[in-house]
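The values are calculated or read from the model by the stated rules, or taken from the named source; none is laboratory data. For clarity, every value in this text was computed on a predicted model and none was experimentally measured. Note: ideal-geometry Cβ built from the backbone for every residue, glycine included; neighbour counts use all protein chains shown.
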Amino acid sequence: MKKSLRIVFMGTPAFAVRILDELHRSHHDIVGVVTVADKPAGRGQLMHQSAVKQYALDQKLDLAQPEKLRDEKFIEQLKNWNADLFIVVAFRMLPDIVWKLPPLGTFNLHASLLPAYRGAAPINWAIINGETKSGVTTFLINEQIDAGAILQQTEVEIGPNMNVGELHDLLQEVGAKLTVQTANELAAGDIQPSVQHAIEGKNALAPKLFKENTIINWSSPAQDLHNLIRGLNPYPGAWCKLWSAIKNDWVQFKIFESELSEISCHRNDGPVAHSNGILFPCGNNESILVTALQMEGKKRMDAKSWLAGNNPAALFFNEV
């Protein structure tokens, strides 16, 4: 008979909910859930609950939402839950007074094959950098970010046109299975943690996404731009500004879907209407075919719909 562990789960977004649900359906006992405090969001500044909180309330699980992780009342609550193991998925960095509490330690599920892509946006950067494989890793938390001893990993393939939404959903599923498997084997004493060694290069870190690192540079090679676009689809979206001869001003666009094209285009041509979308010239006289986009102030639409009411010949990379 498998040993049942008392587990405290810590997480915030929908990605974490899938893992929490798998644990809750297993033979283990979720004795407590920790998530972020409610905070105002949106135009109305209404109080927003995290996806993990909503799940915990629906399932009537004990819940904590500490403002500060070193708060004495919170630490006392953790102790009272008397957990064997803490599991963390997409949460905050924990102080040692928290992650050292349970006898079996605290492990994190990270959406990359560590030590590659330590940081906040590993799923996006794996695609942006043109990786052909990714995966999930469970590892023991220590004082450094995403640097603790590795417990287990599961690898997945990244298809040439897979976007970040599709990879997110795939990793969510394999991550849920791996988390339960890791808990099972920790309970049985069947895991030997392996020390994680840092690496260097463009795949070492996965920093947060900002406007500065999601902008499209149309002089880049077509493959790099295709990777950037799919690595930011559906969120937050790769963006650029094009000069509109009609508005006599810059107009911002988000580009959501593209295909590699064999058609040669010169940089001075600007975007060109095509039967299957809009051709955008890239570096080395290459091009990509844009098939879904969003113009500033408008909704996202497929390129053919956009072409029905707009003329790409009026758009330019530079002011004219």
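Looking only at strands (runs of 3 or more DSSP E) that lie completely in segment 1-116, which have at least 1 residues being at pLDDT 95 or above and among the hydroxyl-bearing types (Ser, Thr, Tyr)?
Those strands (runs of 3 or more DSSP E) span 106-110.
Test of understanding: among Asn233, Asn161, which residue is touching a residue at least 60 places away in the same chain (Cβ under 8 Å) and touching a strand residue (DSSP E or B) at 6+ places or on another chain (Cβ under 6 Å)?
Every option except Asn233 fails the conditions.
Which ranges mark the strands (runs of 3 or more DSSP E) fully within segment 236-288 that have 1 or more residues being surrounded by fewer than 20 Cβ atoms within 10 Å (Cβ to Cβ) and not polar (S, T, N, Q)?
Because the criterion is at least 1 residues that are surrounded by fewer than 20 Cβ atoms within 10 Å (Cβ to Cβ) and not polar (S, T, N, Q), the strands (runs of 3 or more DSSP E) in segment 236-288 that meet it are 238-244, 249-261, 272-274.
Looking only at segment 117-132, which residues are closer than 24 Å to Ile87 by Cβ and in a loop (DSSP other than H, G, I, E, B)?
Listed by number, the residues that qualify are Tyr117, Ala120, Ala121.
How about segment 133-152: which of its residues are assigned to a loop (DSSP other than H, G, I, E, B) and surrounded by fewer than 19 Cβ atoms within 10 Å (Cβ to Cβ)?
Asn142, Glu143, Gln144, Ile145, Ala147, Ala149
Could you pull out the residue among Ala90, Ala83, Ala51 that is among the small types (Gly, Ala, Ser), over 22 Å from the mean Cα position of the chain (by Cα) and either more than 23 Å from Glu185 (Cα to Cα) or surrounded by 15 or more Cβ atoms within 10 Å (Cβ to Cβ) (or both)?
So the residue among Ala90, Ala83, Ala51 that is among the small types (Gly, Ala, Ser), over 22 Å from the mean Cα position of the chain (by Cα) and either more than 23 Å from Glu185 (Cα to Cα) or surrounded by 15 or more Cβ atoms within 10 Å (Cβ to Cβ) (or both) is Ala83.
So in segment 186-219, with the set limited to residues that are small (Gly, Ala, Ser) and buried (at least 16 other Cβ atoms within 10 Å of the Cβ), which one is farthest from Ala149 (Cα to Cα)?
Among them, the one singled out is Ala206.
Suppose the filter is part of a helix (DSSP H, G or I), over 24 Å from Asp21 (Cβ atoms) and either in contact (Cβ under 8 Å) with a residue 24 or more places away in the chain or not assigned by TED's automatic domain parsing to the domain that holds Ala14 (or both); does Ala187 pass it?
In short, no.
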